[in-house]
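For reference, the structure is listed below as structure tokens.
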Amino acid sequence: MTTATPTVAVGTQKTDGTPTTTAGRVRKRLNSRTATLVSIVIAVLWTIPTFGLLVSSLRPEDEIKTTGWWTGFTNPQFTLENYQQVLFGQSSSSGQLAGSFINSLAITIPSVLFPLAFACLAAYALAWIKFRGRDWLYIAIFALQIVPLQMALVPLLKFFSTGVTLGGVTLMPAWDLVDEQKFAQVWFAHTCFALPFAVFLLHNFISQLPGDLMEAARVDGATHPKIFRTIVLPLITPALAAFGIFQFLWVWNDLLVALIFAGGGNETAPLTVKLAEMAGTRGNEWQRLTAGAFVSIVVPLIVFLSLQRFFVRGLLAGSVKG
Amino acid sequence: MEFDFAEQQPKFLMLMYGLIAFVAVVGGLLLLLDVVPAWFARRREAQLVAASVSGAPLPRRRKQGEGLFALFFLLPTLLLLTVGLVIPAIRTTLLSLMDGTSTNWVGLRNYGWMFAEDTIFRVLINTLIWVLLVPLVATGFGLIYAVLVDKARFEAVAKSLIFLPMAISFVGASIIWKFVYAYRGEGDQIGLLNQIVVTLGGEPQQWLLESPLNTLLLIVIMVWIQAGFAMVVLSAAIKSIPGDIVEAARLDGVSPWQMFWQITMPSIRPALIVVMVTLTIASLKVFDIVRTTTNGNYDTSVIANEMYNQAFRYGQNGQGSALAVFLFILVIPVVIYQIRNLRQQREG
């Protein structure tokens with residue numbers, strides 16, 4: 001978005017690219033003004049749907065259902081009744097999202113911690129411990145990123161419900177989980193599905209740590225676990241944060257895995273499952289849908305806005321999410 | 001309107017169990033890794049001392065400690081990947097060759113069914129539309145916006161606003177847009193799109209019921225979410241173009257248009273490919289949007305949605321698995337292309 005002025009002699013062109021003629025300066029300023037204006041207009045347009053949802057969620061039920069949210073400014077009537085209803089309402093039709101909110105938390109926290117810890121250990125071994133077949137192992141784990149999780153769903157569910165038997169011998173009994181115990185299934189599934197990408201991302205960071213540092217520690221007699229704990233872990237905190245946020249958003253926002261392994265019951269269904277169900281069966285109850293959607297959005301939004309820097313860094317470091 | 005917290009207690013208990021398990025597994029592993037080598041070191045020390053006292057030749061140091069360490073570091077990951085991903089993927093491939101209840105082998109019949117059944121063929125066509133449109137439109141928009149916003153004022157704020165939908169779940173985004181597309185037969189419209197149509201003098205429509213327009217409207221949701229991702233990655237790539245190249249081009253009197261096509265585009269090609277590939281894979285697997293907005297009705301279903309329906313609603317494991325395998329096959333060429341590109345970059 002910069003203007004070049006070919007008429008200006010090469011020698012007079014300043015190195016910062018500012019055109020020296022008045023016309024050129026004016027044109028450049030106009031151009032950057034237009035660019036600023038257009039980009040802000042697009043940004044506002046982009047935000048309008050979300051903004052409409054937020055405004056609607058605060059309007060009384062009959063107002064939402066009969067008039068557009070944009071009319072809410074001429075005749076302002078705002079209430080928190082929808083949130084009260086959708087979070088704490090007793091009837092099953094109201095959503096009872098407070099419980100689902102807790103479910104979402106209970107699903108997400110371990111589903112972030114487990115892959116983070118396991119992938120961290122694995123990435124260290126793949127980067128700094130010398131053993132035979134290391135490169136092949138790394139390539140294999142890297143390649144697993146491309147297996148769509150759909151490939152694992154049916155057998156994994158069967159594995160949880162009937163266990164593993166090989167030739168009549170029970171290798172692994174059925175988990176037979178009920179109610180909130182099903183969280184364990186979801187943790188397990190999310191951990192497995194996240195690992196290839198996690199190992200790949202953390203390996204990128206860990207393998208770029210200075211080798212001299214490790215060598216020095218080795219000479220001082222430090223063992224691998226010690227190096228891992230005292231040198232590597234503190235240095236890769238930004239990478240851990242990047243993956244942590246990534247995984248947090250992924251799990252909190254996931255619908256498919258939760259739908260299959262947690263189910264739709266009040267004891268386990270996270271917000272996404274509840275909302276998808278409400279959108280299907282009560283698609284016209286906008287007072288609940290808008291408030292409910294906002295409840296589900298608010299946590300990732302806070303995480304995202306406060307830690308955006310780490311998230312962007314993670315995005316730029318990793319490419320393919322499986 | 002009482003909210004019963006006692007009812008929620010088992011969940012917190014379960015969460016606590018999960019966290020305890022986490023601490024036990026990870027802590028235990030680290031402890032094991034600390035204790036075992038120390039024990040070996042002590043034993044070796046004792047051997048050395050004993051050897052030097054008795055005057056026997058010193059025992060040779062065996063070089064296998066490293067591999068053992070690696071095994072323990074990798075153990076949880078390898079175990080979980082094998083049980084949770086590799087074996088299930090192989091089993092899915094086998095199941096796709098069996099009938100709905102996984103009792104009889106049926107060969108490739110499930111794959112034939114995919115193309116023979118009209119509804120399923122429609123699903124494949126829809127997926128194709130998603131895969132063609134989403135990467136193209138989202139990347140195009142992201143690129144234009146990245147160029148536009150570069151060095152503009154309020155750059156950070158404007159970028160954040162575009163990027164924001166990335167944090168919203170597909171389910172949340174679907175509800176947001178379903179509200180935009182909402183329709184009322186009489187009286188004021190509550191959906192923004194119908195309001196705009198009415199203001200312009202048109203008739204309000206039930207947008208999500210009309211094929212093939214509804215698929216395009218669902219694609220809009222995906223583009224709305226993913227354009228921010230494309231924009232951020234491409235913007236970073238544009239900013240990393242070396243200043244002296246841009247300067248040299250400018251000194252040669254290159255117009256902005258030429259600058260874009262001859263300097264910017266070639267420089268950000270790798271980032272462009274990464275974005276396109278990521279978005280292609282994401283749109284191949286799209287599920288949440290279709291499920292939340294239309295549940296796959298009105299000719300909007302896609303492979304991932306149909307796979308869920310077949311395997312988990314109709315109990316057709318064979319057909320569901322075949323769809324999953326087909327999805328996998330579709331992903332492979334995209335990824336091979338990506339890897340070849342990465343390799344070329346490294347060599348070039």
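The values are calculated or read from the model by the stated rules, or taken from the named source; none is laboratory data. All values reported here derive from a predicted model rather than from experimental measurement. Glycine also receives a Cβ, built like all others from the backbone with ideal geometry; neighbour counts cover every protein chain displayed.
Restricting the search to segment A:245-262, which residues are of a type outside the set (A, V, I, L, M, F, W, C) and not in a helix (DSSP H, G or I)? Across segment A:245-262, the qualifying residue is only A:Asp254.
Of the residues that sit in segment A:34-58 and are within 7 Å of chain B (Cβ to nearest Cβ) and more than 30 Å from A:Arg288 (Cα to Cα), which one is surrounded by the most Cβ atoms within 10 Å (Cβ to Cβ)? Among those residues, the one meeting the criterion is A:Ser39.
The lone criterion from (1) at the interface with chain A (Cβ under 10 Å from one of its Cβ atoms); (2) surrounded by 22 or more Cβ atoms within 10 Å (Cβ to Cβ); (3) at pLDDT below 90 left unmet by B:Leu251 is number (2). Return the only residue of A:Leu87, A:Leu97 being at the interface with chain B (Cβ under 9 Å from one of its Cβ atoms), buried (at least 17 other Cβ atoms within 10 Å of the Cβ) and among the hydrophobic types (A, V, I, L, M, F, W, C). On inspection, the qualifying residue turns out to be A:Leu87. B:Ile190 passes every criterion in (1) buried (at least 20 other Cβ atoms within 10 Å of the Cβ); (2) of a type outside the set (S, T, N, Q); (3) at pLDDT 90 or above apart from (3). Within segment B:240-267, which residues are assigned to a helix (DSSP H, G or I) and of a type in the set (S, T, N, Q)? Listed by number, the residues that qualify are B:Gln258, B:Gln262, B:Thr264, B:Ser267. For segment B:79-101, a tally of residues being at the interface with chain A (Cβ under 9 Å from one of its Cβ atoms) and either surrounded by 19 or more Cβ atoms within 10 Å (Cβ to Cβ) or more than 23 Å from A:Leu144 (Cβ to Cβ) (or both) returns 9. Annotation: B:Pro270 fulfils all but one of (1) at the interface with chain A (Cβ under 9 Å from one of its Cβ atoms); (2) over 28 Å from A:Lys274 (Cβ atoms); (3) in contact (Cβ under 8 Å) with a residue 40 or more places away in the chain; the unmet one is (1). Given the condition touching a Gly at 6+ places or on another chain (Cβ under 6 Å) and either in a helix (DSSP H, G or I) or facing another protein chain (nearest Cβ under 10 Å) (or both), answer yes or no: does some residue in segment B:38-52 qualify? No, segment B:38-52 contains no residue that is touching a Gly at 6+ places or on another chain (Cβ under 6 Å) and either in a helix (DSSP H, G or I) or facing another protein chain (nearest Cβ under 10 Å) (or both).
Let's see how each residue does on (1) closer than 22 Å to B:Ala173 by Cα; (2) in contact (Cβ under 8 Å) with a residue 12 or more places away in the chain; (3) among the acidic types (Asp, Glu); (4) not assigned by TED's automatic domain parsing to the domain that holds A:Pro196:
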position	(1), (2), (3), (4)
A:Ala43	yes, no, no, yes
A:Gly52	yes, yes, no, yes
A:Thr74	no, no, no, yes
A:Trp128	no, yes, no, no
A:Phe131	no, no, no, no
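Those helices (runs of 4 or more DSSP H) of segment B:82-153 in which at least 2 residues are of a type in the set (Ser, Thr, Tyr), considering only elements entirely within it, cover B:87-95, B:118-149.
The helices (runs of 4 or more DSSP H) found entirely in segment B:154-239 that carry 2 or more residues being facing chain A (nearest Cβ under 8 Å) and over 24 Å from A:Leu249 (Cα atoms) are B:192-199. Restricted to segment B:273-287, and to residues there that are of a type in the set (A, V, I, L, M, F, W, C) and over 30 Å from B:Glu210 (Cβ atoms), the residue that is nearest to the other protein chains (Cβ to nearest Cβ) is B:Val274.
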